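Visitor: Next up is a structure, given as structure tokens.
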Amino acid sequence: MTVVWINGAFGAGKTSTARELIDLIPNSTLFDPEVIGAVLPHLLPPKCLAEVGDFQDLPIWRRMVIDTAAALLGEVGGTLVVPMTLLRQDYRDEIFGGLAARRIPVRHVLLAPAETILRERIAGRDVPPDLPDGELRIRQWSYDHIEPYRNALVSWLTADAHPVDTSHLTPHETAVRIAQAVGSGSVAACDIVQTPEPTAETLAAGVLLFDERDRVLLVDPTYKPGWEFPGGVVEPGEAPARAGMREVEEETGVRLDDVPRLLVVDWERPTPPGYGGLRLLFDGGRLDSAAAAGLLLPGPELRGWRFATEEEAADLLPPVRYERLRWALRARERGAALYLEAGIPVG
């Protein structure tokens, strides 16, 4: 089972190409995530939709895309052809990482016509006549996304996806190029870590490492949204502190000689589809400038790292992780470990 994800700006011809492509790839099925967006107004209160400018900004949309794609492949097998614009790298990480966690590889293709051609196609795009002001709104929507598309091109998109210049290609010719590239292996599966989703509560150990200015080290995983501390799930039979040390070395190349001191034990409540569990944070100590300069990251798992102040971390970490960090820093100052429940000290 595999996914061929056809990305590109609005108006690049993704859907028409996908329709041609399913006739060229044996045992393939079309899945358009637009149908998930069309369903959401029937599921969510109007206020939820009013708070976002795009249904992609809704976590439920991204989750439903992952779950629906996995369910479809479980039902029909083969290859799922998915035409959908993804211009935010964190959304790409979340969706592709969620599929990778289900052992579903994603082959990422980018339709990349010249911008002048793209604008011409948007101008000539057919718009349903029954939409009030539909033509104006849909065309303007496409034009408004050219700048984010251009920014994605220069920052991450071309390095991540297999580009196909469609400036002078019909949808059928484009589909032929993609089918040949997929069949020959030119479009490799995205290099993203496969982290199976838990099936029960988990025990995880993170380690806080500090620079000479007492800023904390954060890493940016490719397989889930938001920044994180170095660390991971404790394996069966493994001591939590040793698990944290192992993960630090695997993720950053830093080898800790001493067992780190416990700072926080936090019980994370189950939030479906997550199971929650215990989250431990340890104090890995301070790295000197030479050790910090030698930090290494494995390509498939982590995209980047940085040292951050407590205030900067508030903008980088998801709220539950930030609360855990905040109390871990207080425990470090006081020299005594804290027990938390859902990020709140108890006892």
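The values are calculated or read from the model by the stated rules, or taken from the named source; none is laboratory data. Source: prediction; values computed, not measured. Every residue, glycine among them, receives a Cβ derived from its backbone with ideal geometry; neighbour counts consider all protein chains shown. Ligands, DNA and RNA are excluded from the accessible area calculation, which covers all protein heavy atoms including side chains. Shrake-Rupley method; radii C 1.70, N 1.55, O 1.52, S 1.80 Å.
Visitor: Looking at Arg255, Arg324, which one is touching a Leu at 6+ places or on another chain (Cβ under 7 Å) and among the basic types (Lys, Arg)?
Guide: Arg324
Visitor: Still on this structure, please answer the following. Limited to the range 239-265, what total is found for residues that are open to solvent by less than 50 Å² (accessible area, probe 1.4 Å) and under 29 Å from Arg102 (Cβ atoms)?
Guide: 7
Visitor: If you check Ile95, Ile66, Ile22, Ile6, which single one turns out to be open to solvent by 20 Å² or more (accessible area, probe 1.4 Å) and in contact (Cβ under 8 Å) with a residue 12 or more places away in the chain? Step through it out loud before you land on a result.
Guide: Values: Ile95 fails: open to solvent by 20 Å² or more (accessible area, probe 1.4 Å); Ile66 fails: open to solvent by 20 Å² or more (accessible area, probe 1.4 Å); Ile6 fails: open to solvent by 20 Å² or more (accessible area, probe 1.4 Å).
Answer to the selection: Ile22.
Visitor: Residues that are in contact with a strand residue (DSSP E or B) (Cβ under 6 Å, 6 or more places away or on another chain) and either modelled with pLDDT under 90 or over 17 Å from Ala175 (Cα atoms) (or both): find the helices (runs of 4 or more DSSP H) completely inside the range 1-101 holding 1 or more of those.
Guide: 59-76, 89-101
Visitor: Any idea how many residues of the range 317-337 are open to solvent by less than 40 Å² (accessible area, probe 1.4 Å) and of a type in the set (A, V, I, L, M)?
Guide: 5
Visitor: Would you call Thr222 open to solvent by 20 Å² or more (accessible area, probe 1.4 Å), modelled with pLDDT under 85 and either on the phi < 0 side of the Ramachandran plot or out of contact with any Ser or Thr (no Cβ under 9 Å at 6 or more places or on another chain) (or both)?
Guide: So Thr222 does not fit the description; no.
Visitor: If you don't mind, there's one more thing I want to ask. Within the range 37-51, does at least one residue satisfy the condition of being surrounded by fewer than 16 Cβ atoms within 10 Å (Cβ to Cβ), under 20 Å from Asp93 (Cα atoms) and under 22 Å from the mean Cα position of the chain (by Cα)?
Guide: The answer is no; no qualifying residue exists.
Visitor: Can you find, within the range 338-347, the residue that is farthest from Val248 (Cα to Cα) among those that are open to solvent by 60 Å² or more (accessible area, probe 1.4 Å) and in contact with a strand residue (DSSP E or B) (Cβ under 8 Å, 6 or more places away or on another chain)?
Guide: Start the filter on the range 338-347 by keeping residues that are open to solvent by 60 Å² or more (accessible area, probe 1.4 Å), which leaves 339, 341, 344, 346-347.
Then keep just the ones that are in contact with a strand residue (DSSP E or B) (Cβ under 8 Å, 6 or more places away or on another chain); that gives 339, 341, 346-347.
Numbers: Tyr339: 23, Glu341: 25, Val346: 28, Gly347: 30 Å.
Filtering first and then ranking leaves Gly347.
Visitor: In addition: Tell me, which residue of the range 141-179 that is of a type in the set (Val, Ile, Thr) and free of Cβ contacts under 8 Å to residues at least 12 places away in the same chain is farthest from Leu21 (Cα to Cα)?
Guide: Val154
Visitor: Looking at the range 298-315 only, could you name the residues that are open to solvent by 40 Å² or more (accessible area, probe 1.4 Å) and either in contact (Cβ under 8 Å) with a residue 24 or more places away in the chain or charged (D, E, K, R) (or both)?
Guide: Across the range 298-315, the qualifying residues are Gly299, Pro300, Glu301, Arg303, Trp305, Arg306, Thr309, Glu310, Glu311, Glu312, Asp315.
Visitor: Please go through the range 281-317 and pick out each residue that is within 30 Å of Asp160 (Cα to Cα), at pLDDT 80 or above and among the basic types (Lys, Arg).
Guide: If the condition is that a residue be within 30 Å of Asp160 (Cα to Cα), at pLDDT 80 or above and among the basic types (Lys, Arg), then Arg306 is the only one that fits.
Visitor: Continuing with the same structure: Might you let me know whether the range 288-307 holds any residue that is out of contact with any helix residue (DSSP H, G or I) (no Cβ under 6 Å at 6 or more places or on another chain), on the phi > 0 side of the Ramachandran plot and hydrophobic (A, V, I, L, M, F, W, C)?
Guide: Checking the range 288-307: not a single residue is out of contact with any helix residue (DSSP H, G or I) (no Cβ under 6 Å at 6 or more places or on another chain), on the phi > 0 side of the Ramachandran plot and hydrophobic (A, V, I, L, M, F, W, C).
Visitor: Kindly evaluate Thr199 against the criterion of being loosely packed, with under 13 Cβ neighbours inside 10 Å and within 23 Å of the chain's Cα centre (by Cα). Before you say what the answer is, go through the steps one by one.
Guide: Details: loosely packed, with under 13 Cβ neighbours inside 10 Å: yes; within 23 Å of the chain's Cα centre (by Cα): yes.
Criteria met by Thr199.
Visitor: Any idea which of Asp214, Asp144 is farther than 25 Å from Trp305 by Cβ, over 18 Å from the mean Cα position of the chain (by Cα) and of a type outside the set (A, V, I, L, M)?
Guide: Going through Asp214, Asp144 in turn, just one is farther than 25 Å from Trp305 by Cβ, over 18 Å from the mean Cα position of the chain (by Cα) and of a type outside the set (A, V, I, L, M): Asp144.
Visitor: A further question on this structure: Can you work out which of the residues in the range 277-297 that are surrounded by fewer than 19 Cβ atoms within 10 Å (Cβ to Cβ) and not hydrophobic (A, V, I, L, M, F, W, C) is nearest to Asp257 (Cα to Cα)?
Guide: Out of the qualifying residues, it is Gly285.
Visitor: Here's a follow-up. Within the range 279-308, work out how many residues are in contact with a Ser or Thr (Cβ under 8 Å, 6 or more places away or on another chain) and over 15 Å from Phe229 (Cα atoms). Give the derivation first.
Guide: The first filter runs over the range 279-308 and keeps only residues in contact with a Ser or Thr (Cβ under 8 Å, 6 or more places away or on another chain), leaving 295-297, 300-303, 305.
In the following step, the residues that additionally are over 15 Å from Phe229 (Cα atoms) were identified as 300.
Going through the range 279-308 one residue at a time, the tally reaches 1.
Visitor: Only one of Val248, Val265, Val259 is under 20 Å from Leu338 (Cα atoms), out of contact with any helix residue (DSSP H, G or I) (no Cβ under 6 Å at 6 or more places or on another chain) and not charged (D, E, K, R); which?
Guide: Just one listed residue meets the conditions, Val265.
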